Amino acid sequence: MSALKRFGASKDSSKPRNAMQSDGGGKLIRTIQELEEVISGGAETKSGARVTPETAMRVAAVFACVRIRSSVVANLPLQIKRRVDDDTRKNAFDHPLWTIFTKRPNRWQTPSQFKRMLEAHLLLRGNAFAKIIRGVRGDVQELIPLHPDRVTTRQLDDLSIVYEYQRRDGRTIPFGQSDVFHLVGLSLDGVTGVSVIKYARETIGLAIAQEEHGASVFKNGARVSFVLKHPQSLGEEGVETLRKSLNAFRAGGENEGEALILEEGMSTEALAMTAEDAQWLESRKFSRTDIAMFFGVPPHMIGDTEKSTSWGTGLEQQTQGFKTFSAEDDFTTWEETVNRDLISDDEPDLYARFNRNALVQGDMKARKEYFTSMLQWGVFSPNEVRKLEDMNPREDGNIYYPPPNTAGTLANKEGEGRESADAT
């Protein structure tokens, strides 16, 4: 009898046979980079944990940092402005890019989904890409996000940049520089950005190892261990029976709080928790702080409020530092990339601008103080304030109040002002 018949295999070899897969589910390899990672051990760290953008996002501190920074970009309106003259700016409602960034960047995503996704790619991999779909007249119709792991960026001898995108079926498609919207983070070569995951790999690997250690501790009951002493010796069957009963006892649930019954003169002796276990929680705090430092997020924004940082002495100052040094960097990157890749040289009066006033949208006190100051100094009219608050205008609201005269002399003639000042 043949081996195929002996194992019950089908005569038709083209049909699938039984297969066994590892507990981890395996990994589907689609690119050369993914194959190299698997063969060489990938992004394995000294702690033994394998760090990739996907595994890194399972660490709470990494997920929180990426969520916070990408949400700021996603929720802030990105507007397309037009310069009317040196002093006047207007929203370019009639331009296709206004629709792209305020209504529909492509056929399935909202603007916030699109911006959040690309910003997450930028934070984790240092680069974010989108294919530019243009109309007959060259205007932008859609932005199709491209996964950065599938994009290879090269600079040619004439300094132009080309992109090679690998599809799911393995085919490689070349794109020119004018066909790709490319966000670049911190860069060492001026062409591609560096990955935070690559440089923070050991820190994140340590955090993953700590998570696994903590899970192991809690799986075993998270309490002080003990040993059992027997006056003689147990056979293999007795040891196995005792092990099963102990595992059932330590599993908790309905057995929690019950007493352990010992037989044959056995006794217990407690073991103290090791120093590594005792300091596990403290070491996790250091990992959170280090990860927050890599991503430019104040520790208090990811739940670590125990220590003050160089961002400032108070939480308000630290939050303002995040807006100034991290969020502003993201805004500038997006604005300049839109101006470079999506606005043609034939439209020099157009530019992209985030509405930074929306940062205080959730702070009623800050909004009140801001609008009051702008009204007092004649920067805004009442109707402009109402417009920012999504309210209808009022009949007498298109007026600008004169700025307050704090010195009391500027409204007078120059000579009278000096005499008034001398008199005081």
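The values are calculated or read from the model by the stated rules, or taken from the named source; none is laboratory data. Computed from a predicted model, the values in this text were never measured in an experiment. Note that each Cβ is placed from the backbone with ideal geometry, even for glycine, and that neighbours are counted across all protein chains shown. Accessible surface is based on the protein model in full, side chains and every heavy atom, while ligands, DNA and RNA are left aside. Shrake-Rupley method; radii C 1.70, N 1.55, O 1.52, S 1.80 Å.
Numbers at a glance
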item	result
Pairs with Cβ under 6 Å, 6+ apart, first in region 100-111 and without any contact (Cβ under 8 Å) to a residue 24 or more places away in the chain, second open to solvent by 60 Å² or more (accessible area, probe 1.4 Å) and basic (K, R)	none
Close pairs (7 angstrom Cβ cut-off, 6 or more residues apart or separate chains): without any contact (Cβ under 8 Å) to a residue 40 or more places away in the chain in region 167-181, in a loop (DSSP other than H, G, I, E, B) and open to solvent by 30 Å² or more (accessible area, probe 1.4 Å) anywhere	I173/R167; Q177/S160
L388 vs. criteria surrounded by 16 or more Cβ atoms within 10 Å (Cβ to Cβ), touching a Lys or Arg at 6+ places or on another chain (Cβ under 8 Å) and modelled with pLDDT under 85	no
Inter-residue pairs, beta-carbon under 7 Å, first over 20 Å from A120 (Cα atoms) and without any contact (Cβ under 8 Å) to a residue 60 or more places away in the chain and in region 334-357, second open to solvent by less than 50 Å² (accessible area, probe 1.4 Å) and not in a helix (DSSP H, G or I), 6+ apart	N339/Y351; N339/A352
Single residue of A352, A327 found to be modelled with pLDDT of 75 or more, within 23 Å of the chain's Cα centre (by Cα), surrounded by 13 or more Cβ atoms within 10 Å (Cβ to Cβ) and not in a helix (DSSP H, G or I)	A352
Residues that are more than 28 Å from P53 (Cβ to Cβ) and open to solvent by less than 40 Å² (accessible area, probe 1.4 Å), drawn from region 141-170	S160
Sole exception among (1) of a type outside the set (F, W, Y); (2) surrounded by fewer than 16 Cβ atoms within 10 Å (Cβ to Cβ); (3) within 18 Å of N339 (Cα to Cα); (4) within 26 Å of the chain's Cα centre (by Cα) for S178, by number	(4)
Qualifying residue in region 4-23 (condition: at pLDDT 55 or above and assigned to a helix (DSSP H, G or I))	no
Helices (runs of 4 or more DSSP H) contained entirely in region 47-115, each with at least 2 residues that are of a type in the set (S, T, Y) and under 11 Å from the mean Cα position of the chain (by Cα)	60-75
From the options I68, I80, residue that is surrounded by 14 or more Cβ atoms within 10 Å (Cβ to Cβ) and within 20 Å of A292 (Cα to Cα)	I68
Residue check, L242 at pLDDT 65 or above, loosely packed, with under 12 Cβ neighbours inside 10 Å and among the aliphatic types (A, V, I, L, M)	no
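Every residue, every condition in (1) small (G, A, S); (2) over 18 Å from the mean Cα position of the chain (by Cα), yes or no:
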position	(1), (2)
A128	yes, no
I133	no, yes
V136	no, yes
D139	no, yes
E142	no, yes
P148	no, no
L156	no, yes
V162	no, yes
